[in-house]
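Undergrad: Have a look at the structure that comes next, please.
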Amino acid sequence: MSRVCVVGSANVDQVYSVNRIPSPGETVLASGFTTARGGKGQNQAVAAARAGASVSFVGAVGMDASGELTSAGLTEDGIDIAPLRRVASPTGTAIIAVDAAGENTIIVDSGANATVQIEDADRAAIAQADVLLLQLEIPLPTVMAAASAAREAGTTTILNAAPMAPLSPELFASVDVLVVNEHEAAQLRDAAGTADLTELVPTVVITLGGVGADLHVRGAEVVRSAAPTVPVIDSTGAGDTFCGAFAAAVGEGKAPVEALRFAVAAASLSVQREGAVPSIPRRSEIDAAVG
C-alpha cells in the first residue's frame, strides 16, 4: 500500500444545478441544490484513499458544523486527520454552478484554508510518505515549505498547480511531477517563457478533459492516455480525482504511463456522478475500468 501525504484545502461545497452558466450580470434559476464536502486538498486526499493509498491530510477547518462534517467524512474514508487543525476561522466554502452539459464554474472563500502552515509534526508525516501531493488553494509559502520538506526527506512531490498562481524557480526545483490542465499549461509556458514545461519539472502531466491526458517526460516522446467516451453528469472534482488516483499509483511504484492510465480511468468514472467527493470512485471500480 502506498503512503500519500496531502497538504491542502478542505471546503464545503454549495452546488447549484443550472441549465447553463450565467453570463456577467445575468440571473438564472437553479433546478437543484446540494451541499457536499470539497476543496482540492480534501478531494485529492479522498481520491488517493479510495484508490488504495494510506493517506494523511494536513489542513485546517473551522470550529463549526462544516468542520465537523469534514473531519467525520475524512475519517470515514480512512484518512489520518491527526494533522488536520481546528481554527477560529470558518471552514472554507465553494459555490459551484453545474450546467446541463456537466461543465462548472466555482467561487471559493478560503476561510480556514488561509491559515494552513507546516509544523514539525507535518514534516514528519511528509517524511514518512512515499508521495506528497500539493495544490494551490492554501498559502504559497506553505506549499513551498511542504515541498522543501519532501525534498529533504526524499519524498516524491506532485504539484497540481491549480488554481494558477505565480510560481518560483525554487518551488519547481522541489517538484518531481507537475499536473496541470491545458489552460494552466499555457499560462505557465507564457510566464516561464518556454514551450517545454519539462525544462521546469522533469515530469509533466497535462490533463485534457474528455480527451484524456498527456505525459511529458524530459527527453522522451509525449505519451497520451485516451479517456473512454462516457456520459458526463458533473465534471466537478474530476481533475482532483485524477490527481489523487495518480498519486496513489505513483506511490505504489507504478510506471508513469501505468499511473496515467489508472488516473484517467478514475476521472472518467467520476464525471458520471454528481458532486466532488461523492463522485470519487473506489479501487475496485478503477481496476475494472482499466481492465
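Quick note: the coordinates plus some simple rules give every number you see, no bench work behind them. A quick note: this is a predicted structure, and the numbers were derived from the prediction, not measured. FYI the Cβ positions are ideal-geometry reconstructions off the backbone, even for glycines, and counts take in every protein chain you see.
Undergrad: Karplus couplings for segment 56-62 from phi (6.51 cos²θ - 1.76 cosθ + 1.60, θ = phi - 60°), rounded to Hz, Gly and Pro as x?
TA: Per residue, the Karplus-derived 3J(HN,Hα) values read 10, 10, 9, x, 8, 9, x Hz.
Undergrad: Sticking with this structure for a sec: GNM, the chain, Cα, under 10 Å: largest mean-square fluctuation among Ser235, Ser23, Ser66?
TA: Between Ser235, Ser23, Ser66, it is Ser23 that shows the largest mean-square fluctuation.
Undergrad: In what sequence do Leu215, Leu132 fall when counting other Cβ within 10 Å, fewest first? Before the final figure, lay out each step's value.
TA: Numbers: Leu215 20, Leu132 29.
The fewest-first ordering by Cβ neighbours comes to Leu215, Leu132.
Undergrad: Further, regarding this structure: Among Phe57, Phe242, Phe172, which one shows the biggest mean-square fluctuation in a GNM of the chain, springs joining Cα atoms closer than 10 Å?
TA: Among Phe57, Phe242, Phe172, the largest mean-square fluctuation in the Gaussian network model of the chain belongs to Phe172.
Undergrad: Would you be so kind as to identify all helices of the chain, as entire DSSP H runs, whose Cα atoms reach 18 Å or more along the helix's own axis and whose mean Kyte-Doolittle hydropathy is at least 0.5?
TA: 140-153, 238-251, 256-270
Undergrad: Residue separation times 0.36 nm, minus the C-alpha to C-alpha distance between Ala220 and Thr194: what's the value? Mind showing how you got there, number by number?
TA: Numbers: separation 26, 0.36 × 26 = 9.36 nm, distance 1.70 nm.
Full extension of this stretch gives 7.7 nm more.
Undergrad: OK, next. Nearest 5 percent is fine: what portion of the DSSP beta bridges confined to segment 42-149 is antiparallel? All intermediate terms of the calculation are to be shown ahead of the outcome.
TA: On the way: 6 of 11 bridges.
Restricted to segment 42-149, the bridges split so that about 55 percent are antiparallel.
Undergrad: Would you mind pulling out the separation of the Cα centroids of segment 226-288 and segment 79-151, in Å?
TA: Here the answer is 20 Å between Cα centres.
Undergrad: At 7 Å along the Cα-to-beta-carbon direction for both Leu208 and Glu258, put a label point, then send me their distance in nm to one decimal.
TA: Reported label-point gap for Leu208 and Glu258 is 2.3 nm.
Undergrad: Pull up all non-local amide H partners of Arg282: gap of 5 or more, or a different chain, and H-to-H distance under 5 Å with H placed in the peptide plane.
TA: Correct list: empty.
Undergrad: Given the options Arg50, Arg218, Arg273, state which has the largest fluctuation in a GNM of the chain using a 10 Å cut-off (strictly under) for Cα springs.
TA: Arg218
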